[in-house]
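The values are calculated or read from the model by the stated rules, or taken from the named source; none is laboratory data. Please read all numbers here as calculations on a predicted model, not as lab measurements. So basically every Cβ, Gly included, is an ideal-geometry build from the backbone, and we count neighbours across all protein chains shown. Note: accessible area is taken over every heavy atom of the protein model, side chains too, but ligands, DNA and RNA are not part of it. Shrake-Rupley method; radii C 1.70, N 1.55, O 1.52, S 1.80 Å.
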Amino acid sequence: MKYGVHAGLWMARWTDDIVPIMRIVSDLGFDGIEISLLGMSDEKAEALGSLASGHGLNITCSDGLTPQADITSADADIRKAGREYLRWAVRTAAKMGSQSLAGVIYAPWGVYEPDRKEERAAYASEAFAALDADLKARNVKLGIEAINRFETDLVNTAREATRIAEDSNSEHVGVLLDTYHLNMEEKEISRAIAETGEKLFHFHVSENDRGVPGSGHLPWNDVKAGLDELSYDDWIVAEIFVIAGNPASADLKIWRNIEPDATDAARRSLDFMRKTFG
């Protein structure tokens, strides 16, 4: 198993300098750092890739779409812009040496069109199918993240994410699951995880309050049982957000300090992951 942590844990803004965060992540003993492509440039991506290597870290990437670049839009020009953006995102992840790009990469966060759900899912699968050659050429896997109903209406469950991945007919397109969202949307967490099968590419952990895993009421034995059924042995990344009072926290609806110190929260998260998942 490989253990990572999302750089956003320490970031007041998504454009903050990641270099000092890399030092912290490396010193704590993580295998990797997850970096959002928000505010990323080609030059910055190449520099971060070199720096990560120097710290002995691998990089995984997360990203999302905007309403102006939405692969599920009814407007063909906007769908085209979304496909072009995803091609850029794949290239940029590869520049950092990342083999993983995951997140809400199927529709803009916070946009709801339930009457077009089937049409939008089909458009997303078509866009990912068209991305297959880029993913293969750059050795990048794409992970469709199932998130809760308050953030999207398109992909809330593991089954919905898996269906879009399967419909793309690309072996490079799979699923990202996150315990924070699983806790809200799945009746049986272990079964939901297991039913993704070979399409589970990436996994996020946090507690029910988005804090340190193991500090709340999530059924971690069920989480482990689902991963064990798949013999999952890839990235488990702590995507925890615990500090209130800055712009990035407002984006994530963190209105109070879940933990007093981000670095201590990361340390405890890594300890829990190692003890729980081996």
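Here are a few things to note about the model shown:
- Extension gain, Ser53 back to Asn208 (0.36 nm per residue minus Cα-Cα distance, nm): 52.5 nm
- The base-10 log of I(q)/I(0) for the chain, evaluated at q = 0.09 Å⁻¹, reads -0.37 [Debye formula, identical scatterers on Cα atoms, solvent excluded].
- The chain: most fluctuating residue of Pro213, Pro20, Pro108 per GNM, C-alpha cutoff 10 Å: Pro20
- Under 28 Å of direct C-alpha separation, and excluding same-chain neighbours fewer than eight residues apart, Lys199 reaches these lysines: Lys2, Lys80, Lys95, Lys117, Lys136, Lys141, Lys187, Lys224, Lys275.
- Reported to the nearest whole Å, the Cα centre-to-centre distance from the stretch 136-180 to the stretch 226-244 is 15.
- Extension gain, Glu166 back to Thr15 (0.36 nm per residue minus Cα-Cα distance, nm): 51.0 nm
- Ratio of Rg to Rh over the stretch 143-278 (Cα coordinates, Kirkwood Rh, two decimals): 0.97
- Normalised by the number of residues in the stretch 34-121, the mean separation of alpha-carbon contacts (under 8 Å, six or more apart) gives a relative contact order of 35 percent.
- Note on Leu38 and Lys136: with the Förster distance fixed at 30 Å, the Cβ-Cβ geometry gives a FRET efficiency of about 0.70.
- All other residues whose Cβ lies under 11 angstrom from that of Gly174 are scored, Lys and Arg at +1 and Asp and Glu at -1, for a net of -3.
- Largest to smallest accessible area among Lys95, Lys117, Lys80 [probe 1.4 Å]: Lys80, Lys95, Lys117
- Within the listed set Leu101, Leu177, Leu28, the Gaussian network model of the chain (springs between alpha-carbon atoms below 10 Å) gives the highest mean-square fluctuation for Leu28.
- Label zone (Glu46, point 7 Å along Cα-to-C-beta; backbone nitrogen cut-off 13 Å) within the stretch 87-113: 92, 95-97.
- Computed extension gain for Arg159 through Tyr112, at 0.36 nm per residue and net of the alpha carbon distance, reaches 15.0 nm.
- Percentage relative contact order, the stretch 94-171, counting C-alpha pairs under 8 Å, at least six apart: 42
- Three-way shape call for the stretch 16-90 based on the alpha-carbon gyration tensor, with the a/c threshold at 1.5: prolate
- Note on the stretch 116-177: Kirkwood hydrodynamic radius from all Cα pairs is 11.7 Å, rounded to one decimal.
- Lys, Arg +1 and Asp, Glu -1 on Cβ, resulting dipole of the chain about Cα centre, debye, nearest 20: 380
- Expressed in Å, the radius of gyration and Dmax of the Cα atoms of the stretch 144-190 are 10.5, 30.
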